[in-house]
Amino acid sequence: MSKEKVTITFLGGLGEIGRNCMAIEQNGRIVVVDAGLMFPEPNMYGIDLILPDFTWLRDRRDKVDGIVLTHGHEDHTGALRYLVRDVNVPIYGAALTLGFARHRLEEAKLAKDLTFIEVADRERRKIGPFEIEFIPVTHSVPSAHALALHTAVGIIVHSGDFKLDLTPIDGRRTDVARLAALGDEGVALLLADSTNAEEAGFTASESSVGGALRRLFLERPERRMVVACFASHIHRVQQIINVAVEQQRKVVLFGRSMEANVKLARKLNLLHADSSIFVDVDAIDQYAPGQICVICTGSQGEPMAALSKLSRGDARGFSVGSLDTVILSSHPIPGNEWCVGRVIDDLHRTGAEVIHSSHEPVHASGHARQGELRTFHQLVRPRSFVPIHGEYRHLIHHADLAISMGVPSKNVWICEDGDVLELSIAGVRRAGTVPAGFHYIDGTAGDLDEAPLEDRRMLAEHGVLLITGGIDAERGELQQRAVVSTRGWFEGERDKELLLMTAKAVNEALEEALEKGERDAGALNKVAQKAAGRLVGGKYRRQPVILPAIALH
Ligand SMILES: [Zn+2]
Ligand SMILES: [Zn+2]
């Protein structure tokens, strides 16, 4: 019997939507699948991005043979620029996927030292210790792939992000025949997208969005139509362009990534549009509102993107008003709801009409719902299953679904970031954990760990306490009694009283320490900090950042 083993280390994406990344290892050789980022929550002050913790991979950089990208979304490719600094190995993916990734890497001035290897649909290629097959799947970006990894202990299928769209815009359907054939051969382990595992039924086809857009445009022949969507959603852009062209509208691409992605997709023949339909934003006023369709970025409320700028009236080139209809052809990613709400409000303030997915079917998800997940399981019929790509509740729902489809419950593994699984001919077992915490990026300060973020949270929620005072070291007594001041407090009567009491507690503690012969400045400042912390924290349940500045003379 084969003693071969394959280990899978989950570095991100399990228990959250974002920063997808895993490492698959056999005979000491590693292939990385995806390296994504996650967007921060509103209480992560000053944080721009969250990455997987790459320490584990960095420590094994000599063992890594390649990075495989399932598709071009940021939650799968956005952390590459941080990973490849230390782990410079060939990057594999579809032409469009690599094009998007390369664009980001060029911005970071890293692309020229890297090797990109394009793969075709259904290609089977040796990468590191594995043969990896790239199976077409439908998703909200063209050229998405599921992977079949042929390993020493059997076939592992990784679904990538997918839905089962039977009427995709480009006619490239999920290759269910190949998935079924793999199922016939026998699949040892399935890892599959859980994003919509809580939702019953089937996700609407991408082509249904085109119908809704067409109707909305037809009802508004005199108005300028401004449609926001993900710049990577080439099929959405294609449908908007098609509707605009039908109505003899000119198309304005607004937003840097929208222009860049459309250019790339046209070059790769994935987006079809005649050059004559495009006009530059500077020429927009030469046309009547009914002759123009603007396609722009910023559908997630990103403050620096085109739609936010339009909502605030500080976009360069044009502004929206009562003659415009703005369509958000999108759905907020968890965490972005507040920002999107802000932008929608501000757009209303401009006088524009605003349409979004809560009242018109102007968006379709890219992820499979329960009906599609069941179909996928039925095709692949895996011996073991791990739900991936989802918050914890999504993983649990997907696990239940897998059991209902016939995977024995002892073969369904709920894993979270940092978990390691080991596969052998005998089956799957847990094999420990590795560090996989959040790695924060602050655009101005660079990389951060948890510590400054904790301070920022405390500063934001509880403000700061500053303790000043002076000590005569020789005499061992207080020269200037400690005074406590604050920033970020309401400073009502109650707070004033609390500050006086805090100062009193600090002075008593300092006197006691001096009596015991303490003369070290650092130690005395600690004493002051502790005394203040005990009072405001213990008695008043506040946790301000406490900064003692007791001077020794
Ligand atoms: Zn995706
Ligand atoms: Zn994803």
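The values are calculated or read from the model by the stated rules, or taken from the named source; none is laboratory data. Just so it is clear, the model here is predicted, and its values are computed rather than measured. Cβ atoms come from the backbone with ideal geometry, glycine included; neighbour counts cover every protein chain shown.
Here's a check for you: in segment 1-18, which residue that is out of contact with any Phe, Trp or Tyr (no Cβ under 8 Å at 6 or more places or on another chain) and within 16 Å of ligand 2 (Cβ to nearest atom) is nearest to Gly437 (Cα to Cα)? Spell out the reasoning first.
Residues of segment 1-18 out of contact with any Phe, Trp or Tyr (no Cβ under 8 Å at 6 or more places or on another chain): 1-8, 10, 12-14, 16-17.
Within this subset, residues satisfying the condition of being within 16 Å of ligand 2 (Cβ to nearest atom) are 10, 12-14, 16-17.
Working: Phe10: 11, Gly12: 9, Gly13: 11, Leu14: 12, Glu16: 12, Ile17: 14 Å.
Here the residue is Gly12.
Only residues in segment 346-372 that are modelled with pLDDT under 95 count as the first member; pair them with residues that are within 16 Å of ligand 2 (Cβ to nearest atom) and part of a helix (DSSP H, G or I), Cβ under 7 angstrom, at least 6 apart or cross-chain, and list the lot.
No pair meets every condition.
For segment 109-123, does any single residue satisfy the condition of being more than 17 Å from Arg29 (Cα to Cα) and within 16 Å of ligand 1 (Cβ to nearest atom)?
Taking segment 109-123 first, the residues more than 17 Å from Arg29 (Cα to Cα) are 109-123.
With within 16 Å of ligand 1 (Cβ to nearest atom) added as a condition, the list becomes none.
No - not one qualifying residue is present in segment 109-123.
May I ask you to list the residues in segment 56-79 that are in a helix (DSSP H, G or I) and either more than 15 Å from ligand 1 (Cβ to nearest atom) or not assigned by TED's automatic domain parsing to the domain that holds His389 (or both)?
Filtering segment 56-79 for residues in a helix (DSSP H, G or I) gives 56-58, 61-63, 74-77.
Correct list: Trp56, Leu57, Arg58, Arg61, Asp62, Lys63.
Going by the conditions given, is Ala460 in a helix (DSSP H, G or I), away from ligand 2 (no atom under 16 Å from the Cβ) and free of Cβ contacts under 8 Å to residues at least 60 places away in the same chain?
On the way: in a helix (DSSP H, G or I): yes; away from ligand 2 (no atom under 16 Å from the Cβ): yes; free of Cβ contacts under 8 Å to residues at least 60 places away in the same chain: no.
Taking the combined requirement at face value, the residue does not satisfy it.
Would you confirm whether any residue within segment 20-38 is more than 16 Å from ligand 2 (Cβ to nearest atom), in contact with a Lys or Arg (Cβ under 7 Å, 6 or more places away or on another chain), modelled with pLDDT under 95 and outside any strand (DSSP E or B)? Working first, answer last.
Kept after step one, since they are more than 16 Å from ligand 2 (Cβ to nearest atom), are these residues of segment 20-38: 23-31.
With in contact with a Lys or Arg (Cβ under 7 Å, 6 or more places away or on another chain) added as a condition, the list becomes 28-30.
This time we only want the ones that are modelled with pLDDT under 95, so: none.
Within segment 20-38, none of the residues are more than 16 Å from ligand 2 (Cβ to nearest atom), in contact with a Lys or Arg (Cβ under 7 Å, 6 or more places away or on another chain), modelled with pLDDT under 95 and outside any strand (DSSP E or B).
Could you go through segment 77-85 and let me know if any residue there is among the charged types (D, E, K, R), surrounded by fewer than 23 Cβ atoms within 10 Å (Cβ to Cβ) and touching a residue at least 24 places away in the same chain (Cβ under 8 Å).
Of all residues in segment 77-85, those among the charged types (D, E, K, R) come to 81, 85.
Checking the rest, the ones that are also surrounded by fewer than 23 Cβ atoms within 10 Å (Cβ to Cβ) come to 81, 85.
This time we only want the ones that are touching a residue at least 24 places away in the same chain (Cβ under 8 Å), so: 81, 85.
Scanning segment 77-85 turns up at least one residue that is among the charged types (D, E, K, R), surrounded by fewer than 23 Cβ atoms within 10 Å (Cβ to Cβ) and touching a residue at least 24 places away in the same chain (Cβ under 8 Å).
List the strands (runs of 3 or more DSSP E) that sit entirely inside segment 319-434 and contain at least 3 residues that are touching a helix residue (DSSP H, G or I) at 6+ places or on another chain (Cβ under 6 Å) and surrounded by 21 or more Cβ atoms within 10 Å (Cβ to Cβ). Please lay out each step first, then the result.
On the way: elements: 324-328, 353-356, 384-388, 419-424, 427-433.
The qualifying strands (runs of 3 or more DSSP E) are 384-388.
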